[in-house]
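Take a look at the structure set out below.
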Protein chains: 2
Amino acid sequence: MSEFDEILATGANGATGRFGDGWVIGNAVNGGIVMAAALSALADCLARDPAETTAHVDPVVISAYFTTASLPGEYHVDTEVVRAGRMLSTGAMSVTQQADGQRVERMRAIASFGNLGDLQLDRQPEPPTMPPPEQCLSMHDSPAQFEAPAILHRLDLRLDPASAGWAVGKPSMAGRMRGWLRMADGREPDPLLLMAALDFLPPVAFDLGFMGWAPTLEFTGHVRKRPAPGWLLVELASDTLGGGLMEEDARIWDSTGALVAQSRQLCSIRVPGAGPGKV
Amino acid sequence: MSEFDEILATGANGATGRFGDGWVIGNAVNGGIVMAAALSALADCLARDPAETTAHVDPVVISAYFTTASLPGEYHVDTEVVRAGRMLSTGAMSVTQQADGQRVERMRAIASFGNLGDLQLDRQPEPPTMPPPEQCLSMHDSPAQFEAPAILHRLDLRLDPASAGWAVGKPSMAGRMRGWLRMADGREPDPLLLMAALDFLPPVAFDLGFMGWAPTLEFTGHVRKRPAPGWLLVELASDTLGGGLMEEDARIWDSTGALVAQSRQLCSIRVPGAGPGKV
């Protein structure tokens, strides 16, 4: 079993799992992993719903609100089927953990599942031009003082040198980041992994000179197509920033050049005084 | 009281209101109106929560999942405070209506409120260049066979001629639509109205030759700043379409040129055979 699949809730009740230490950034479990755990539990819940068609196996859209940071250890997912529909089936999720003797909510989300099999894309943005993975920068190329968060060891991430200047104190200030991504253990992408991968890269705020924590407040991701095996090309962009809040958009193309997923998140910038302008 | 404010839930329980006939497109109440009603109820709910700061008066982000079409008539909003936080307070909403003797859910949503007062935007995309409102096309300029949906009478909408060709059978096929927008009765914009206005324009699918109904499945909107009074500039864009699903992005600038709101929605295209490619 892959490292990614290990942390997803399984079993008859489908609702309790364990976040491993290997998926953290700082002390907090990566938001993409929290969403994947919740989606996995909702998939189990939908599969047991008598009104649900068995065809709705692909997560198509999720909106997640992160209220407190998830920590390594046991988590619980409560799920509810909102509507089993013709085209999509929709459910709600709440991820909680025990903390200080009480159950604390980490994330509240709504998501819809559908079927993306044999889907043709009629219109899509073309992938950006980028050097091949072997000419991009991996965490092994980073300066000695760079302490890679645990999650980077689960990934094979190769950043475009043009958007990796922040690692040596020279952000491009364009608000862009691009890289090739695959799982270090070879686990191939699928719609569930795509939803998580939309939140795997370092924050695009780094490319604007904000090097602190940029916690996600809200995240909405769409999967547009089942991905082909192989490298994913992930591009982050941000155009709006104000009052300590910024928007971060992510897009993922698969190895065939198909746009397979896209997302927008609202995140908080918590480094007063750093970077451009007042935050 | 403005036409917009009339339909919002009010009163001590803050949870029951009435959708007027004037806000429909086809038979369904506009999704922006349904979201505004739910946000208004959540605002009341937050204001009564003892753990909540009174400063969180602005809707900052909403994610709404539309499960069935809302109809004119009475509606009910159930609300729940998920977390009263320092920067944002988050709640969940469910909009229901009585239909065929039972309560049917129309929309499930999560939203966060914060405070956008005195907020400076440090980074934002510039507004597109557009002819002034008096050189744009209103519904009075539309061909005689055009039957304006009721909601258009509540709005003063002036479309850029460059993106209004669909009204005479000549869509630009660029997947773009731009227009000036204000409320017909002079109600000035605020964050609540912005959330609704993100969903007020005709579907951008029209500009791709899909002239049928394009129901919203999921909508996520961000308000970035309290808007100045006057005209709003609304721009829609879509870059991805496949399998009967498309993404529609909206951005709104206020009369000072500030980017005040942005959204993405996933909608369904239900005109098989029309427009470009297989849907």
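The values are calculated or read from the model by the stated rules, or taken from the named source; none is laboratory data. In this text the structure is predicted, and so the values were computed from the model without any measurement. For neighbour counting, all protein chains shown are included, and Cβ atoms are generated from backbone atoms with ideal geometry for every residue, glycine included.
Limited to the range B:237-264, what total is found for residues that are polar (S, T, N, Q) and outside any strand (DSSP E or B)?
4
Restricting attention to the range B:160-170, does a residue exist that is in contact (Cβ under 8 Å) with a residue 40 or more places away in the chain and touching a Gly at 6+ places or on another chain (Cβ under 7 Å)?
No, that holds for no residue.
In the set A:Met173, A:Met139, which member is without any contact (Cβ under 8 Å) to a residue 24 or more places away in the chain, within 26 Å of A:Met246 (Cβ to Cβ) and surrounded by fewer than 23 Cβ atoms within 10 Å (Cβ to Cβ)? Steps first, please.
Working: A:Met173 fails: without any contact (Cβ under 8 Å) to a residue 24 or more places away in the chain.
The conditions single out A:Met139.
Do you know which of the residues in the range A:73-96 that are under 18 Å from B:Leu217 (Cα atoms) and touching a Cys at 6+ places or on another chain (Cβ under 7 Å) is surrounded by the fewest Cβ atoms within 10 Å (Cβ to Cβ)?
My answer is A:Val81.
Mind listing whichever residues of the range A:76-116 are more than 20 Å from B:Val81 (Cα to Cα) and either under 18 Å from the mean Cα position of the chain (by Cα) or within 9 Å of chain B (Cβ to nearest Cβ) (or both)?
Answer for the range A:76-116, where residues must be more than 20 Å from B:Val81 (Cα to Cα) and either under 18 Å from the mean Cα position of the chain (by Cα) or within 9 Å of chain B (Cβ to nearest Cβ) (or both): A:Arg83, A:Gly85, A:Met87, A:Leu88, A:Thr90, A:Ser112, A:Phe113, A:Gly114, A:Asn115, A:Leu116.
Would you mind finding the one in B:Ala99, B:Ala197 that is aliphatic (A, V, I, L, M), in contact with a helix residue (DSSP H, G or I) (Cβ under 8 Å, 6 or more places away or on another chain) and within 25 Å of B:Phe219 (Cα to Cα)?
Answer to the check: B:Ala197.
With respect to the numbered conditions (1) in a helix (DSSP H, G or I); (2) hydroxyl-bearing (Ser, Thr, Tyr); (3) within 20 Å of B:Leu201 (Cα to Cα), which one is the sole condition not fulfilled by B:Ser63?
(1)
Given the condition within 13 Å of another protein chain (Cβ to nearest Cβ), among the basic types (Lys, Arg), under 27 Å from A:Ala111 (Cα atoms) and not in a strand (DSSP E or B), answer yes or no: does some residue in the range A:265-279 qualify?
no
Test A:Phe146 against the criterion of being of a type in the set (Phe, Trp, Tyr) and crowded, with 16+ Cβ neighbours inside 10 Å, and give yes or no.
no
Determine, yes or no, whether A:Val60 is more than 9 Å from chain B (Cβ to nearest Cβ) and either surrounded by 17 or more Cβ atoms within 10 Å (Cβ to Cβ) or among the hydroxyl-bearing types (Ser, Thr, Tyr) (or both).
no
Being among the hydrophobic types (A, V, I, L, M, F, W, C) and part of a loop (DSSP other than H, G, I, E, B) is the filter; apply it to the range B:171-184 and report the residue that is nearest to the chain's Cα centre (by Cα).
B:Ala184
Return the residue satisfying two criteria in turn: it lies in the range A:69-88 and is assigned to a loop (DSSP other than H, G, I, E, B) and hydrophobic (A, V, I, L, M, F, W, C), and of such residues it is nearest to B:Ser94 (Cα to Cα). Steps first, please.
Let us first name the residues in the range A:69-88 that are assigned to a loop (DSSP other than H, G, I, E, B), namely A:69-72, A:85-88.
After this cut, where a residue has to be hydrophobic (A, V, I, L, M, F, W, C) as well, the list is A:69, A:71, A:87-88.
On the way: A:Ala69: 26, A:Leu71: 30, A:Met87: 21, A:Leu88: 18 Å.
That would be A:Leu88.
Of the residues B:Asp239, B:Asp249, B:Asp254, B:Asp190, which single one is surrounded by fewer than 24 Cβ atoms within 10 Å (Cβ to Cβ), closer than 26 Å to B:Met130 by Cα and away from chain A (no Cβ under 14 Å)?
The match here is B:Asp190.
Scan the range B:197-236 for residues that are aromatic (Phe, Trp, Tyr) and either part of a strand (DSSP E or B) or surrounded by fewer than 21 Cβ atoms within 10 Å (Cβ to Cβ) (or both) and jot them down.
Passing the criteria: B:Trp213, B:Phe219, B:Trp231.
For B:Asp122, only one of the following conditions fails: (1) surrounded by fewer than 18 Cβ atoms within 10 Å (Cβ to Cβ); (2) at pLDDT below 95. What is its number?
(1)
Determine if the range B:214-231 includes at least one residue that is more than 14 Å from chain A (Cβ to nearest Cβ) and within 30 Å of A:Leu88 (Cβ to Cβ). Break it down stepwise before answering.
Of the range B:214-231, the ones more than 14 Å from chain A (Cβ to nearest Cβ) are B:228-231.
This time we only want the ones that are within 30 Å of A:Leu88 (Cβ to Cβ), so: none.
No, the range B:214-231 has no match at all.
Working only within the range B:120-135, note down all residues that are within 21 Å of the chain's Cα centre (by Cα) and away from chain A (no Cβ under 14 Å).
Correct list: B:Pro133 only.
Yes or no, residue by residue, for (1) within 13 Å of the chain's Cα centre (by Cα); (2) within 22 Å of A:Trp23 (Cα to Cα); (3) modelled with pLDDT of 95 or more:
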| residue | (1), (2), (3) |
| --- | --- |
| A:Gln145 | no, yes, no |
| A:His153 | no, yes, no |
| A:Gly169 | no, no, no |
| A:Arg187 | no, yes, yes |
| A:Leu194 | yes, yes, yes |
| A:Ala197 | yes, yes, yes |
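Which residue is nearest to A:Leu217 (Cα to Cα), if the candidates are limited to the range A:102-130 and must be in a strand (DSSP E or B) and free of Cβ contacts under 8 Å to residues at least 24 places away in the same chain?
Filtering first and then ranking leaves A:Gln102.
Test A:Ala47 against the criterion of being at pLDDT below 95, surrounded by fewer than 24 Cβ atoms within 10 Å (Cβ to Cβ), away from chain B (no Cβ under 14 Å) and under 19 Å from A:Ser112 (Cβ atoms), and give yes or no.
Against the criterion (at pLDDT below 95, surrounded by fewer than 24 Cβ atoms within 10 Å (Cβ to Cβ), away from chain B (no Cβ under 14 Å) and under 19 Å from A:Ser112 (Cβ atoms)), A:Ala47 qualifies.
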